[in-house]
Amino acid sequence: MRREPARIFFIATAAALSLLLISCAANPEKAKLNFLNKGEAYMKKAQYSSAAIEFRNALKVDPKYVEAYYQLAKADLALRDANSAYNTLNQAITIDPSRIDARLERARLLLSAKQSSPALNDINFVLKQQPDNVQAHRLLGSVYVAQKQFDQALQEFSHVLTLAPKEATSYLDVALLDMQLHRNSDAESNIKKAIGVDPKSVPAYIDLANFYRLQKNTAQAEEALQAGIQANPDATALYLNLAAAYQSQGKTADAQNILSKLSNQLPKSPDVARAIGDFYLQAKLNDRALAEYQRGLSIDPQNLELQERVEDFYLAGGKLDQAAAIDGALLKKSPHDVTARINHGRLLMAQGKVPESVQYLQKVAADSADSPQAHYYLAMAYLQQNSASQANNELQQTLRLAPSLPIALTALVNLNYSQGKYSVAQLYAQELEQKNPGNVEAHLLLGEVLLRLDQVNQAGEQFETAAKLAPINPDVHINLGALYLAKKQSVQAEKEYQTALSEAPNSVPVLTRYANFLISEKQQPRASAVVSKFLSQNPNNADAHLLMAQMHYVNKEYSDAMGEAQKSIQLDPKMASAYLQMGQIYEQEGNYTAAIQAYEKSMQIVPPSAPVITKIGNIYMSQGDLKNATDEFQKALDLDPNFVVAANNLAWIYAEQGQNLDAALGLAQKAKSQDPDIPSFSDTLAWVMFKRGDNLGALQLLQDCVKRDPSSAQYHYHLGMVLVSSGQKSQGKEQLQAALQMKLDNQDAEQARKALAQ
């Protein structure tokens with residue numbers, strides 16, 4: 001009998017819930033308004049992902065709810081997803097073409113994407129309905145600026161001044177136009193008028209600081225920002241701009257002090273913690289960034305943006321257990337949040353579950369087809385899977401959705417660079433630099449590509465620009481070192497490498513570049529000494545031990561190299577590159593079984609790759625085990641059909657066996673077309689042609705091979721066999737005799753002697 005009240009309570013609760021559901025279903029207007037209000041409340045708290053979920057819930061109730069579309073677009077913009085915002089605004093305007101605010105917002109997006117003509121259509125529509133709409137005239141002025149019709153732009157901005165004389169933005173528009181026309185005194189005057197009209201205008205102080213910075217007057221720029229902070233002590237953007245100004249001058253302590261002042265001013269704001277964390281992350285002060293994100297979460301433990309940033313931080317840093325803990329909680333809380341789902345795909349990728357990652361991110365990209373981030377990370381998963389062509393397709397889709405996305409342009413530069421397509425890489429690098437003229441990495445990347453194309457002077461211009469933007473950035477000095485090395489100015493090159501190492505004394509990548517420079521200068525003992533000194537200060541750095549192993553390997557000190565590689569594995573058991581190094585050492589020592597085991601072990605840690613599989617195939621081929629070699633090369637090509645080394649080697653085996661000669665021809669032609677300057681690829685293609693009876697085609701290729709590398713016994717042997725077969729016996733025998741005088745392998749030597757005896 002004692003349990004009866006509980007049972008009655010449950011029934012009552014269920015009944016009440018049923019009534020509530022019936023009420024919501026019967027009153028969709030109330031339901032959708034409830035979702036809209038919740039979303040707007042989240043927007044006020046800057047919880048944009050949560051807001052977007054509520055606006056989408058409202059649209060599920062009423063798919064033609066224009067206000068929900070408009071608010072969702074604002075949330076998308078706050079989340080920096082301009083493409084999704086644009087699509088959402090399109091839906092709102094389709095339902096209600098007279099919606100003025102949606103048309104103005106769409107015009108802004110179109111202008112930011114440099115599509116002034118369609119933006120003009122929306123602006124003209126608004127002005128026809130509301131001839132004195134201030135925002136429309138302001139946007140029209142921006143259109144004229146984009147079209148370089150400066151007189152018309154000035155006319156529009158002047159009209160805005162008459163319509164809204166007490167708005168600071170009215171003066172700032174004129175000032176920015178003045179700056180473009182190099183009317184500096186007028187620009188300064190108008191910015192100050194903006195401040196006079198609105199002493200708390202954050203954009204006005206930022207514009208004034210930028211004006212002084214362009215005049216190379218850093219002191220006045222800092223004073224402008226400090227004055228802005230004094231007038232508006234809660235304006236986060238002013239603190240961040242001042243910190244950035246300090247950081248660019250190497251005043252790290254001043255930058256951190258101003259950020260501490262911001263934190264003390266607004267100690268209970270998770271948004272401030274997030275903004276400071278973002279600043280530190282961009283400055284590569286990772287520990288400080290994480291501390292700020294965690295401080296923000298201590299203020300607001302449920303803050304989705306901060307949780308996603310911390311997970312992103314852990315993913316980028318390889319701290320997968322911590323990332324997994326956050327990942328599970330986020331997916332449980334927000335299973336449909338695009339960022340949370342993308343991060344889950346990234347986690348799968350980082351855990352080595354590449355096929356699962358590809359499959360998962362394919363679903364995310366399909367569900368969120370307008371998310372450039374979803375397509376970008378799917379591209380990264382394809383790269384992990386060594387599917388370069390599919391990665392390229394996804395990166396192209398990313399750019400279609402977000403034409404200026406720096407990470408996508410950077411990825412395309414690196415992808416084409418890695419494939420030897422330097423001219424294509426140059427195009428993407430130039431686009432990246434043009435769209436991000438203040439970005440140091442963009443200038444460095446373009447400079448690297450230009451240097452690879454032997455455009456030394458143009459590369460130098462990019463590196464010098466980067467040096468002006470970030471004089472204490474070690475990457476700048478590394479690239480300047482490479483520039484001087486290309487100019488054969490070794491003394492200046494070494495100074496740059498030393499400067500880079502002094503700026504980043506604990507950086508293994510910087511140390512590696514300096515050591516490689518010394519090796520290129522045939523100063524192996526000095527290179528080893530530099531690495532040894534680093535290890536004495538960082539004895540538990542696995543990467544440094546691996547670098548030391550590579551130093552010993554270069555010096556043919558294989559026992560010492562093995563010891564260092566094993567030490568790096570002791571410190572980091574998941575260091576796949578250390579197993580690769582061990583495989584190379586075993587190969588040099590003739591321990592092929594151990595080499596294969598080491599290569600296979602590396603592929604248990606990271607996804608299998610065509611180059612490593614091909615290494616295993618090469619070992620089998622060198623031992624005469626053509627069956628296993630064939631299997632390995634085919635595995636490599638199944639993984640990456642465009643990996644030409646595997647294609648070339650498989651074609652050579654087919655030619656040697658006199659089998660699958662049609663397939664061999666296709667493989668050899670593919671290798672030759674992608675890397676026409678590699679003589680061994682030409683030799684393989686020629687040998688396949690010879691086996692197919694095409695002596696003329698083979699002859700031309702082999703003559704070029706011998707000319708390029710007269711020390712190759714194999715090239716002389718192949719040329720001799722082709723000449724003899726085509727009736728040019730005397731010339732052929734000369735080539736065969738030359739091959740025998742070199743170190744021709746036994747099987748080929750036997751065939752050469754038989755041909756000479758005929």
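Annotations for the structure displayed:
- The set of residues in region 712-742 being out of contact with any helix residue (DSSP H, G or I) (no Cβ under 8 Å at 6 or more places or on another chain) and either among the basic types (Lys, Arg) or more than 17 Å from Ala752 (Cβ to Cβ) (or both) consists of Gly727 alone.
- Qualifying residue in region 363-374 (condition: over 20 Å from Asp81 (Cβ atoms) and out of contact with any Leu (no Cβ under 6 Å at 6 or more places or on another chain)): no
- Filter result (without any contact (Cβ under 8 Å) to a residue 60 or more places away in the chain, among the small types (Gly, Ala, Ser) and open to solvent by 20 Å² or more (accessible area, probe 1.4 Å)) within region 218-262: Ala219, Ala227, Ala231, Ala237, Ala244, Ala253, Ser260
- Residue check for Leu699: open to solvent by less than 30 Å² (accessible area, probe 1.4 Å), in contact with a Ser or Thr (Cβ under 7 Å, 6 or more places away or on another chain) and either of a type in the set (A, V, I, L, M) or under 24 Å from Phe633 (Cα atoms) (or both): yes
- Qualifying residue in region 626-639 (condition: over 15 Å from Asn386 (Cβ atoms), among the basic types (Lys, Arg) and either surrounded by fewer than 24 Cβ atoms within 10 Å (Cβ to Cβ) or touching a residue at least 12 places away in the same chain (Cβ under 8 Å) (or both)): yes
- Here is the figure for region 592-617: residues that are touching a Phe, Trp or Tyr at 6+ places or on another chain (Cβ under 8 Å), surrounded by 19 or more Cβ atoms within 10 Å (Cβ to Cβ) and touching a residue at least 60 places away in the same chain (Cβ under 8 Å) total 1.
- Qualifying residue in region 494-506 (condition: under 30 Å from Asp454 (Cα atoms), assigned to a helix (DSSP H, G or I), of a type in the set (A, V, I, L, M) and open to solvent by 30 Å² or more (accessible area, probe 1.4 Å)): yes
- Residue within region 711-723 that is at pLDDT 90 or above, surrounded by fewer than 22 Cβ atoms within 10 Å (Cβ to Cβ), over 46 Å from the mean Cα position of the chain (by Cα) and of a type in the set (A, V, I, L, M) present: no
- Residue within region 106-113 that is modelled with pLDDT under 90 and in contact with a Pro (Cβ under 7 Å, 6 or more places away or on another chain) present: yes
- Matching entry among Gly732, Gly666 (being open to solvent by less than 30 Å² (accessible area, probe 1.4 Å), in a helix (DSSP H, G or I) and without any contact (Cβ under 8 Å) to a residue 24 or more places away in the chain): Gly732
- Identity of the residue in region 267-285, outside any helix (DSSP H, G or I) and not hydrophobic (A, V, I, L, M, F, W, C), that ends up least open to solvent (accessible area, probe 1.4 Å): Ser269
- Qualifying position, being under 30 Å from Lys635 (Cα atoms), open to solvent by less than 50 Å² (accessible area, probe 1.4 Å), in a helix (DSSP H, G or I) and among the polar types (S, T, N, Q), among Asn392, Asn414: Asn392
- Matching residues in region 520-567 - criterion: being part of a loop (DSSP other than H, G, I, E, B) and surrounded by 15 or more Cβ atoms within 10 Å (Cβ to Cβ): Gln523, Asn538, Asn541, Asn555, Glu557
- Residue within region 625-633 that is touching a Gly at 6+ places or on another chain (Cβ under 9 Å), part of a helix (DSSP H, G or I) and among the small types (Gly, Ala, Ser) present: yes
- Residues in region 60-108 that are under 24 Å from the mean Cα position of the chain (by Cα) and either farther than 21 Å from Gly39 by Cα or open to solvent by less than 60 Å² (accessible area, probe 1.4 Å) (or both): Asp76, Leu77, Ala78, Asp81, Ala82, Asn83, Ser84, Ala85.
- Selection status of Val645, open to solvent by 20 Å² or more (accessible area, probe 1.4 Å), modelled with pLDDT of 90 or more, closer than 30 Å to Pro608 by Cα and part of a helix (DSSP H, G or I): yes
- Residue ID - farthest from Asn516 (Cα to Cα), chosen from residues in region 468-491 that are assigned to a helix (DSSP H, G or I) and free of Cβ contacts under 8 Å to residues at least 12 places away in the same chain: Lys468
- Residue match in region 48-63 (condition: part of a loop (DSSP other than H, G, I, E, B) and at pLDDT 85 or above): yes
- Residues in region 38-47 that are buried (at least 21 other Cβ atoms within 10 Å of the Cβ) and in a helix (DSSP H, G or I): Gly39 only.
- Candidate set: region 366-388, residues that are part of a loop (DSSP other than H, G, I, E, B) and touching a Phe, Trp or Tyr at 6+ places or on another chain (Cβ under 9 Å); chosen: the one surrounded by the most Cβ atoms within 10 Å (Cβ to Cβ): Asn386
- Flag for Gln302 being outside any helix (DSSP H, G or I) and not charged (D, E, K, R): yes
- Region 507-519, residues that are in contact with a helix residue (DSSP H, G or I) (Cβ under 7 Å, 6 or more places away or on another chain), farther than 17 Å from Ala467 by Cα and assigned to a helix (DSSP H, G or I): Val508, Leu511, Thr512, Arg513, Tyr514, Ala515, Phe517, Leu518, Ile519
- Leu348 being open to solvent by less than 50 Å² (accessible area, probe 1.4 Å), within 22 Å of Ser50 (Cβ to Cβ) and modelled with pLDDT of 90 or more: no
- Tabulated pairs, region 692-710, first part of a helix (DSSP H, G or I), second acidic (Asp, Glu), C-beta under 6 angstrom, 6+ apart or interchain: Cys705/Asp683
- Region 573-591, residues that are crowded, with 17+ Cβ neighbours inside 10 Å and over 28 Å from the mean Cα position of the chain (by Cα): Met582, Gly583, Gln584, Ile585, Tyr586, Glu587
The values are calculated or read from the model by the stated rules, or taken from the named source; none is laboratory data. Note that the coordinates shown come from a computational prediction; the quantities given were computed from them, not determined experimentally. As a convention, Cβ positions derive from the backbone with ideal geometry for all residues, glycine included, and neighbour counts pool all protein chains shown. Just so you know, the surface numbers come from the protein's heavy atoms only, side chains and all, with ligands and any DNA or RNA stripped out. Shrake-Rupley method; radii C 1.70, N 1.55, O 1.52, S 1.80 Å.
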